[in-house]
Each structure stands twice: as structure tokens, then as C-alpha cells.
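The values are calculated or read from the model by the stated rules, or taken from the named source; none is laboratory data. Values in this document were obtained by computation on a predicted structure and should not be read as measured data. Cβ placement follows ideal geometry from the backbone for every residue including glycine, while neighbour counts extend to all protein chains displayed. All accessible areas refer to the heavy atoms of the entire protein, side chains included, with ligands and DNA or RNA removed. Shrake-Rupley method; radii C 1.70, N 1.55, O 1.52, S 1.80 Å.
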Amino acid sequence: ELEGYAPRGTCKEHGIVTMDVPWAFPDSGFTKDFDRTVAWLTRTVSKSAVCEFMRISWRTVGRCIARVVDELEPDHSCRLHDLVRIGIDETSYSKGHRYITTVVNHDTNTVVWVAQGHGRMVLDSFFQSLTEEERSKIEVVSGDGARWISDAVDFWCQPDVLRCTDPFHVVSWATEALDKIRREAWQEANKEVKQRKKEVNPKRGRIASDDVKRQQYEEAKKTAKGIKNSRYALGKAPEHLTENQAAKLELIEAENRTLFRAYQLKERLRILLKLKDPDEALAELN
């Protein structure tokens, strides 16, 4: 153990206080190296692991991080300077629908602002923390399709600001539309199954001897089952499909061209959003 003497002094304004020492932050029971080590560890491992390894409590980890952050960046508002391209998103951080809203600087790939909650009022507080000149410099705002983001951007930013939607949400919307088509296709296939069943068994207790109709009934059942259980296969990229999921897509391609065409359009959109060269994207469209 290392022990260091922290002298106490008398201040006319604050009374008796402990004087600052060069090897510890003010109001800290640890050395600066200890606080910095805790902050460094939290960038690599979980907070619980840091607690166990450093033998400190959960809350103490947070206080160590706060002291190091204040040392590295005394003025947190400097992150908000010269924002040109920003991204806005909300994410849940606990059970019970608890959210935080984050703003990132796309040019530096860093988080510049975080606040508890989500919605228009929360985002308004971000724009209010900027000066009018700083808001006028913003050229691009990315985020999902939430109305509260668009409303805040329209109100606080310049009319010519470019509002972008991130590729993840665009593909997610396309996948939702694809799933709606899948459900409609399954309903149609299920109707055909019921119709084929009546042809195979026209009366209760009697089974038709027509093998062709029985085969058609079994094929209709197989198709309906394949469409019903194809949600994950249709949502996945081709390179991630399992053997069973690939077989379901082959069945859909053969039996329901509308649904398979919708799947192809979703995949084409996903590939287009990954391309960075506009010429390559145009060639893909053609």
C-alpha cells in the first residue's frame, strides 16, 4: 500500500478543506493512475468486470470515468462546435421502455450529445444548446423515419438541410413490406389447401380415390407450409441462409413468383445501399 499525506487548510470562503495533491483528482479517494485505469478498462470490458477486477462498486466506476472525462475534456461543449453532418437516434438502455437519445458527428465518428428520454422535447434541448450560427452550419441530418426528428430538424435547421434515413431502417421497412406480402401469399395458399381438401374428401367419412387430386392436395399443403414458415428465410441475406432456408426460397420461387419477386427487390435494395460509388449503383439498377 502507498500512503500520501493530503494537507488540510483553512479557506475564508469554504472553511477547512483538503488541499489538492498532484497525484489525485479533487474529492477522489484514488490516485489519478487508478481512475485512468478504470476508465481505460471500461472501453474494453463490461462495467461488472471492472468492478470485480478493480474491487470497487458499480457507482464508483462511474465516478472514476467522470473524473477522467473532465480531465481530458474540461469543456464538453467543444464537441458541439463545427457540426456539419450529424446522426440522431434513440435506443433503449433498460427494461420498461427507458430510452436515451444520442447525437453523433459523422465527420469525426464520435458521440457529441446524450440525453435521457426521446421525442421532440428532448431533441429540442439539443438544438437549443447550439448557437444560431452552429445550427446554420448543419447540412445533413440522418436518422430513422420518426416524425419528431423531422419536425425538430425542420424547425431548428436551415430549409436546405438534407434529411437522410439510415440504410438499416430502409431495409427494415422493405422487410416489413415483404412480410406483409408473405402473409397475403400464405392466406391465398391456405385457401387453395381448403379447396383441394374438399376435392379429396367431398363428404365426411368418404375419401376420393383420385390419386391426382390427392397429390395436388399434398403439394398445396407443402406450399402453404413453406410460405408460412419462410419469414426468417426471406429476411436473411442469401449468403447467410441455411440449407433448409435455401430450400424454402426455391419452393417460393417455383410456386409464388409475386412473393419471390418481392424478396428479390428487398435484396436489390440492400445491395444498392451498400454501394458507395454512384456509378456502380446506377449500373446495378440497369
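Beta carbons closer than 9 Å, at least 6 apart along the sequence or on distinct chains, pair a first residue in the stretch 57-80 that is farther than 17 Å from residue 28 by Cα and in contact (Cβ under 8 Å) with a residue 12 or more places away in the chain with a second that is small (Gly, Ala, Ser) and not in a helix (DSSP H, G or I) for 77/129; 80/129.
Restricting the stretch 21-51 to residues that are acidic (Asp, Glu) and surrounded by fewer than 11 Cβ atoms within 10 Å (Cβ to Cβ), the residue that is nearest to the chain's Cα centre (by Cα) is 33. Please work out if residue 129 is open to solvent by 20 Å² or more (accessible area, probe 1.4 Å) and either at pLDDT 95 or above or more than 25 Å from residue 69 (Cβ to Cβ) (or both). Here the answer is no, as residue 129 does not meet what is asked. Among the helices (runs of 4 or more DSSP H) confined to the stretch 132-221, the ones with at least 2 residues that are closer than 21 Å to residue 263 by Cβ and aliphatic (A, V, I, L, M) are located at 167-200.
Report whether or not residue 197 is modelled with pLDDT under 90 and more than 23 Å from residue 255 (Cβ to Cβ). The answer is no for residue 197. So which residues in the stretch 67-126 are within 15 Å of the chain's Cα centre (by Cα), closer than 30 Å to residue 32 by Cα and of a type in the set (Ser, Thr, Tyr), if there are any at all? Across the stretch 67-126, the qualifying residues are 93, 102. Of all residues in the stretch 113-126, how many are part of a strand (DSSP E or B) and loosely packed, with under 13 Cβ neighbours inside 10 Å? The qualifying residues number 2.
Does any residue of the stretch 81-92 turn out to be open to solvent by less than 60 Å² (accessible area, probe 1.4 Å) and free of Cβ contacts under 8 Å to residues at least 24 places away in the same chain? Looking for residues that are open to solvent by less than 60 Å² (accessible area, probe 1.4 Å) and free of Cβ contacts under 8 Å to residues at least 24 places away in the same chain, one finds none in the stretch 81-92, hence no.
Beta carbons closer than 8 Å, at least 6 apart along the sequence or on distinct chains, never pair a first residue in the stretch 259-286 that is closer than 15 Å to residue 170 by Cβ with a second that is loosely packed, with under 15 Cβ neighbours inside 10 Å and of a type in the set (Lys, Arg). Only one entry of 185, 189, 152, 174 meets the criterion of being within 30 Å of residue 228 (Cα to Cα), aliphatic (A, V, I, L, M), open to solvent by less than 30 Å² (accessible area, probe 1.4 Å) and under 26 Å from the mean Cα position of the chain (by Cα), and that entry is 174. For first residues located in the stretch 106-119 and within 16 Å of residue 141 (Cβ to Cβ), partners that are among the acidic types (Asp, Glu) and in a strand (DSSP E or B) and lie 6+ apart or on another chain with Cβ distances below 7 Å form the pairs 118/90.
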